[in-house]
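If you scroll down you'll find the structure; I have some questions about it.
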Amino acid sequence: MIPLPVHAVVREVGLRDGLQSLETVLPTARKCAWIAAAFAAGQREIEVGSFVPARLLPQLADTAEVLAYAKTLPGLVATVLVPNLKGAERALECGADLLLLPLSASHAHSLANLRKTPDEVVAEMARIRAARDASGKKTLIEGGVGTAFGCTLQGAVKPAEVLRLMMALLDAGADRVSLADTVGYANPRAVAELFEQAIQLAGERFCCGHFHDTRGLALANVYAALQVGVTRFDASLAGIGGCPHAPGASGNAATEDLAFMLAACGVDTGLDIPALLALRAQVVGWLQGEPTHGALWRAGLPTTAPAFA
Ligand code: ZN
């Protein structure tokens, strides 16, 4: 068995992937308080929002302000999602540390959500890279291949197509790439197989796994990816988020549960789990009536584990 990595990064995506699917519009001050507390609990990579038109996602309309606040925290990698070149130009103007361009490997999902084929998104990546280089900014560019394990609209998505598109994003100028199980279709065996190939192809430019807990397998999928050498995972506090095609589904792996699993397995994340649990309680209080998830908050940390305190 391959030994587990010594360190792993839990990248918080609750402020984007989580909030975008909730009805509550969290005030800017609360988003900033969330970021401050997550930073204090040891989180150093946070996706703070998305540069999409406010009429499409009013929940994320304040992304520029939230990003400006995040940039005041020393050593925090403030990430934003962008759907296209226009969003990337805003991310560059606002000085995001990293911008993430999603691409859906499912052609049906890509056309429905982005009104572009996957290869048209690859062409947009090339334009974004050119804009970044012309801007002189240091913003990193990540290409995230979604629906990597299947799609509610299209059904099966071929691994070979996922890997082709991942490499096409790198060839078009992405600094790094990641894979996402957007709809919660993955299982640990499929994750191990696909991520192992992705790392073989992309090497150190393969950077992150993004798993939704739609069917309760997010942490099992993280573990499978850890075993093949992935060391960065997206997660959302209290597992917030969801999927429009799967009512009641949770979002990403819950940050606090993932932090616990990694710590319990001896993988260092630098995260203060009691502080994350306290932040979880605060954020859940702000999201009254919204579905929240996770398991650790119910039972608390095991008493056998002084290292967690
Ligand atoms: Zn997601």
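The values are calculated or read from the model by the stated rules, or taken from the named source; none is laboratory data. Quick caveat: nothing in here was measured; it's all calculated off a predicted structure. Note that each Cβ is placed from the backbone with ideal geometry, even for glycine, and that neighbours are counted across all protein chains shown.
Just need a number here: residues in region 100-122 that are in a strand (DSSP E or B) and buried (at least 24 other Cβ atoms within 10 Å of the Cβ). Before the answer, list the steps.
So in region 100-122, the residues in a strand (DSSP E or B) come out as 100-104.
Now restrict to residues that are buried (at least 24 other Cβ atoms within 10 Å of the Cβ): 100-101, 103-104.
Residues flagged as in a strand (DSSP E or B) and buried (at least 24 other Cβ atoms within 10 Å of the Cβ) within region 100-122 amount to 4.
Mind checking whether some residue in region 152-165 is surrounded by fewer than 21 Cβ atoms within 10 Å (Cβ to Cβ), on the phi > 0 side of the Ramachandran plot and modelled with pLDDT of 95 or more?
Checking region 152-165: not a single residue is surrounded by fewer than 21 Cβ atoms within 10 Å (Cβ to Cβ), on the phi > 0 side of the Ramachandran plot and modelled with pLDDT of 95 or more.
What are the pairs with Cβ atoms under 6 angstrom where one residue, in region 182-211, is more than 15 Å from MET166 (Cβ to Cβ) and the other, located anywhere, is in a strand (DSSP E or B)? Sequence gap at least six, or different chains.
GLY184/HIS212; TYR185/GLY150; PHE211/ASP181
Give the residues of region 226-243 that are farther than 16 Å from ASP268 by Cα and in contact with a Phe, Trp or Tyr (Cβ under 8 Å, 6 or more places away or on another chain), sorted by residue number.
Result: VAL228, LEU237, ALA238.
Give all pairs with beta carbons closer than 7 Å in which a residue from region 75-97 that is more than 19 Å from VAL13 (Cβ to Cβ) meets a residue that is among the basic types (Lys, Arg); count only pairs at least 6 apart in sequence or on separate chains.
The qualifying pairs are LEU85/ARG127; LEU92/ARG132; LEU92/LYS137; GLY95/LYS71; GLY95/LYS137.
Considering each residue of region 31-89, count those that are outside any strand (DSSP E or B), of a type outside the set (D, E, K, R) and closer than 30 Å to LYS116 by Cβ, and give that number. Working first, answer last.
Going residue by residue through region 31-89, those that are outside any strand (DSSP E or B) are 31-44, 51-76, 82-89.
Retained after the next criterion (residues that are of a type outside the set (D, E, K, R)): 32-43, 51-54, 56-61, 63-64, 66-70, 72-76, 82-85, 87-88.
With closer than 30 Å to LYS116 by Cβ added as a condition, the list becomes 51-54, 56-61, 63-64, 66-68, 70, 82-85, 87-88.
Total meeting the criteria: 22.
Further, regarding this structure: Across region 1-40, what is the total count of residues that are among the hydroxyl-bearing types (Ser, Thr, Tyr) and touching a residue at least 60 places away in the same chain (Cβ under 8 Å)?
Looking only at region 1-40, we keep the residues that are among the hydroxyl-bearing types (Ser, Thr, Tyr), and these are 21, 24, 28.
Going one step further and asking which of them are touching a residue at least 60 places away in the same chain (Cβ under 8 Å), we end up with 21, 24.
So the count comes out to 2.
Another question, then. Might you check whether a residue that is in contact with a strand residue (DSSP E or B) (Cβ under 9 Å, 6 or more places away or on another chain), within 16 Å of the ligand (Cβ to nearest atom) and within 22 Å of ALA192 (Cβ to Cβ) occurs anywhere in region 112-121?
The answer is no, given that none of the residues of region 112-121 is in contact with a strand residue (DSSP E or B) (Cβ under 9 Å, 6 or more places away or on another chain), within 16 Å of the ligand (Cβ to nearest atom) and within 22 Å of ALA192 (Cβ to Cβ).
Further question: In region 125-182, which residues are away from the ligand (no atom under 15 Å from the Cβ) and of a type in the set (D, E, K, R)?
ARG127, ARG129, ARG132, ASP133, LYS137, LYS138, LYS158, GLU161, ARG164, ASP171, ASP175, ARG176
Now for a different question. Would you point out which residue out of GLY229, GLY209 is under 20 Å from SER106 (Cα atoms) and either modelled with pLDDT of 95 or more or under 18 Å from the mean Cα position of the chain (by Cα) (or both)? Give the derivation first.
Values: GLY229 fails: under 20 Å from SER106 (Cα atoms).
Matching residue, one of GLY229, GLY209: GLY209.
Take the residues in region 194-239 that are acidic (Asp, Glu) and within 13 Å of the ligand (Cβ to nearest atom); name whichever of them is farthest from ILE2 (Cα to Cα).
Residue satisfying both the conditions and the ranking: ASP213.
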